[in-house]
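Structure first, then comments.
Every number here is computed from the coordinates shown, using simple stated rules; none is lab data. Since this is a predicted model, take the numbers as computed values, not measurements. All Cβ positions, even for glycine, are placed from backbone atoms using ideal geometry, and neighbour counts span all protein chains on display.
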Amino acid sequence: MEHVVKVGMCDLKTAKPPQRLLTSGLGSCVGICLYDPVTKTGGMAHIMLPDSAQARGNTNPAKFADTAIPLLIEEMLALGAVKSRLVAKIAGGAQMFDFATNSEVMRVGDRNSKAVAAKLKQEGIPILVNDTGGNFGRTIEFDTVDGKLYIRTLDKGESIR
Amino acid sequence: MADEFLQLSPVQKDILKEVSNIGAGSGATALAHLLRRKITMTVPGVRVLPLEEVATVTGGADHKVVGIFQRVEGPAPCSILFFLSIDSAMHLVDMLLNRALGTTRFIDKLNMSALEEMGNIVSGSFLNALGGFTGLKFVPSVPSVAIDMAGAMLNSVLYHYGQVGDHALIIDTEFAEQDRHLAGNFFLFPDPGSLTKILSALGVSNHGACC
């Protein structure tokens with residue numbers, strides 16, 4: 001069993017102790033960590049876009065906030081997690097470049113964060129940590145042993161949430 | 001539409017490569033004039049990659065780089081990302097300001113605007129050449145500079161591809177100064193849909209008589 005489970009862009013994975021889930025280089029993308037503290041089942045998704053309805057002819061549900069979250073929950077339940085116990089920690093949704101033109105491109109991070117929060121609310125999952133926004137990249141690691149989220153940035157180092 | 005990149009024929013790839021080669025040559029010449037140094041460049045690569053693999057081309061999602069980003073509007077919108085290592089960016093500022101190499105120790109606001117200007121000149125030359133061949137107008141935005149994880153910067157670009165499919169088209173060239181004091185990677189990402197327009201303007205669309 002791999003100790004560190006890597007989650008790519010537009011990808012989702014589940015894990016059990018002593019495993020950790022890792023995703024690198026979150027910009028406007030959002031990393032979503034779900035956790036059942038009793039069974040210690042963890043899950044992570046790395047979404048790129050807010051809404052699958054706006055996409056044309058798409059196949060990968062892990063790419064969108066509205067389709068990745070239900071799929072991640074489903075995979076965690078299959079591993080023994082109980083939905084009513086799930087809690088969430090989210091990070092990312094940054095705006096890496098700032099300038100006036102083409103507002104849609106620039107706001108995608110913010111739209112991603114809001115879509116993730118809305119979908120989690122709809123699923124009845126409380127957000128314990130919301131580290132979104134800003135203009136910097138993040139690499140996140142989620143420990144299934146204690147449910148701690150390690151957020152690394154280039155300028156501010158690591159914070160444990 | 002989603003498959004437009006995957007349907008690229010070898011001939012279409014070669015033509016894209018050739019046009020990019022002329023564009024990059026023009027960009028390298030502009031950079032050489034600006035820095036008064038010899039600039040070499042590699043033959044551009046034209047690659048179609050799954051979205052999650054794009055970061056590997058830039059040395060990994062975590063890799064710390066200086067990124068100069070420009071949106072290009074017009075009939076065939078694109079994004080441009082120019083990646084430099086931190087050392088290269090500092091050397092570049094020294095060259096631009098005519099100082100001894102090693103004078104610049106960190107990238108501040110003033111240095112950033114020097115880098116933006118350099119990005120403007122290289123991309124402007126590249127796009128002029130591309131515009132000359134295709135007859136299409138390419139209008140670049142003011143550049144924006146960030147120093148951060150390569151993967152995080154790529155998010156802003158890849159999101160366009162994500163809306164229509166799971167692959168990205170990358171045209172990339174490495175520019176380097178003769179003595180390798182600086183080296184950078186210039187990436188052009190035509191938006192989904194733009195490729196068809198560029199190819200048909202070049203007379204090699206899938207529906208055309210060619211090939």
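Tabulated results
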| item | result |
| --- | --- |
| Within-14-Å neighbourhood charge of B:Thr134 [Cβ basis; K, R +1; D, E -1] | +1 |
| Using alpha-carbon coordinates, inclination of helix B:150-162 to the longest axis of chain B, degrees | 20 degrees |
| Distance between region B:127-197 and region B:69-98 - C-alpha centres, whole angstrom | 10 Å |
| Expected 222 nm ellipticity per residue - DSSP helices of 4 or more, -39500 (n - 2.57), all of the protein assembly as shown, to 500 | -10500 deg cm²/dmol |
| Global form of region A:4-160, assessed from the alpha-carbon gyration tensor, a/c cut-off 1.5 | oblate |
| Helix A:108-123 vs. chain A, principal-axis angle (Cα, 0 to 90°, nearest 10) | 40 degrees |
| Phi to ³J(HN,Hα) by Karplus 6.51 cos²θ - 1.76 cosθ + 1.60 over region B:64-80, Hz, x for Gly, Pro | 7, 9, 9, x, 10, 10, 9, 8, 10, 9, x, x, 10, x, 9, 10, 10 |
| Rounded tilt (10° steps) of A:65-78 against the dominant C-alpha axis of chain A | 10 degrees |
| Within 10 Å of each Cβ in A:107-114, the average number of Cβ atoms from other chains | 1 |
| Phi to ³J(HN,Hα) by Karplus 6.51 cos²θ - 1.76 cosθ + 1.60 over region A:126-142, Hz, x for Gly, Pro | x, 9, 7, 9, 10, 9, 10, x, x, 10, 9, x, 9, 10, 10, 9, 10 |
| Over 29 Å (Cα to Cα) - which of B:Lys109/B:Lys137; A:Lys6/B:Lys64; A:Lys121/B:Lys109; A:Lys148/B:Lys109; A:Lys114/A:Lys148; B:Lys17/B:Lys109 fall in this group | B:Lys109/B:Lys137; A:Lys121/B:Lys109; A:Lys148/B:Lys109; B:Lys17/B:Lys109 |
| Listed residue (B:Leu81, B:Val139, B:Thr104) projecting farthest to the positive dipole end of the protein assembly as shown, Cβ model | B:Thr104 |
| Three-way shape label, region B:68-192, alpha-carbon gyration tensor, a/c 1.5 | prolate |
| Label-point separation in nm, B:Asp108 to A:Val82, each point 7 Å along Cα→Cβ | 5.9 nm |
| Likely footprinting exposure, B:Ile86, B:Ile68, fewest C-beta neighbours within 10 Å first | B:Ile86, B:Ile68 |
